[in-house]
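Novice: I have a structure I would like to understand better, so I am pasting it below and will then ask my questions one at a time.
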Amino acid sequence: MQHISFYVFASIAIFSSIMVVLSKNTVKSVLFLILSFVATACLWLLLEAEFLAITLILVYVGAVIVLFLFVVMMIDQEFEIKKIGISKYSPIIICTSLFMLAVLLTLMNPYTYGADIVMPEIKGSGNNVKILGTLLYNKHLFAFEVAGLLLLVGMVAAIAISFRGKQDRLSQDISEQISVTSKDRLKFMKVNKE
């Protein structure tokens with residue numbers, strides 16, 4: 001039964017991933033991406049990686065994809081995707097795709113991919129969340145901290161790139177507000193009666 005479930009969820013994940021790329025409507029593309037993430041989470045549940053499955057659903061589907069869907073629905077979709085014929089870049093695209101496929105098939109070798117490596121048993125722990133936490137904060141603590149630092153640097157870099165300098169915005173100058181006297185604030189004018 002587990003093999004049948006694996007093939008069903010893997011087929012759904014592959015089909016929805018292909019439809020993400022081939023769909024002409026961007027909203028449908030995001031919905032197919034949600035379906036792909038759900039199928040992948042089901043695959044992780046079959047592998048008894050409940051923590052990763054719930055994290056995928058909560059973080060990606062619950063936050064990131066909802067944000068994608070919101071942005072896509074807010075953008076004007078009146079443009080039409082034109083059918084692209086054979087362009088001058090097609091040979092380069094085909095050669096690059098075949099090279100990437102060859103690299104992926106080479107790396108999928110069990111001796112280089114690590115399929116022969118067995119996870120060590122940790123004594124006294126029953127669920128995979130505890131095992132993952134123990135491995136992450138004991139054996140791989142330095143790599144975990146470096147990954148967090150790289151994410152922080154990436155976030156700061158994204159903010160720095162998107163910052164366009166000082167623009168014409170309303171802002172307060174506290175020293176200017178404090179130095180104002182009553183003569184500067186009120187202006188008396190004489191009005192002639194007619």
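Novice: Is it the case, given these coordinates, that L69 is at pLDDT 80 or above, surrounded by 10 or more Cβ atoms within 10 Å (Cβ to Cβ) and in a helix (DSSP H, G or I)?
Specialist: So L69 fails the test.
Novice: Would you check if there is a residue in region 178-185 being within 20 Å of the chain's Cα centre (by Cα) and at pLDDT 80 or above? Give the derivation first.
Specialist: The initial filter retains those residues of region 178-185 that are within 20 Å of the chain's Cα centre (by Cα), namely none.
No, region 178-185 contains no residue that is within 20 Å of the chain's Cα centre (by Cα) and at pLDDT 80 or above.
Novice: Determine which member of the set A13, A49, A39 is surrounded by 12 or more Cβ atoms within 10 Å (Cβ to Cβ) and at pLDDT below 90.
Specialist: Values: A13 fails: at pLDDT below 90; A39 fails: at pLDDT below 90.
Exactly one residue qualifies, and that residue is A49.
Novice: Let me ask something else. Please determine, by comparing only the residues of region 125-142 that are surrounded by 12 or more Cβ atoms within 10 Å (Cβ to Cβ) and of a type in the set (S, T, Y), which one is modelled with the highest pLDDT.
Specialist: Going through the qualifying residues, I end up with T134.
Novice: Looking only at region 6-63, count every residue that is closer than 20 Å to K130 by Cα, free of Cβ contacts under 8 Å to residues at least 40 places away in the same chain and not aliphatic (A, V, I, L, M) and tell me the total.
Specialist: Taking region 6-63 as the starting set, the residues that turn out to be closer than 20 Å to K130 by Cα are 41, 44-59.
Filter once more, so that each one left must be free of Cβ contacts under 8 Å to residues at least 40 places away in the same chain: 41, 44-45, 47, 52-59.
Right, trim to not aliphatic (A, V, I, L, M) and you get 44, 55.
Qualifying residue count, region 6-63: 2.
The values are calculated or read from the model by the stated rules, or taken from the named source; none is laboratory data. Please read all numbers here as calculations on a predicted model, not as lab measurements. Using ideal geometry, Cβ is built from the backbone for each residue, glycine included, and neighbour counts are taken over all protein chains shown.
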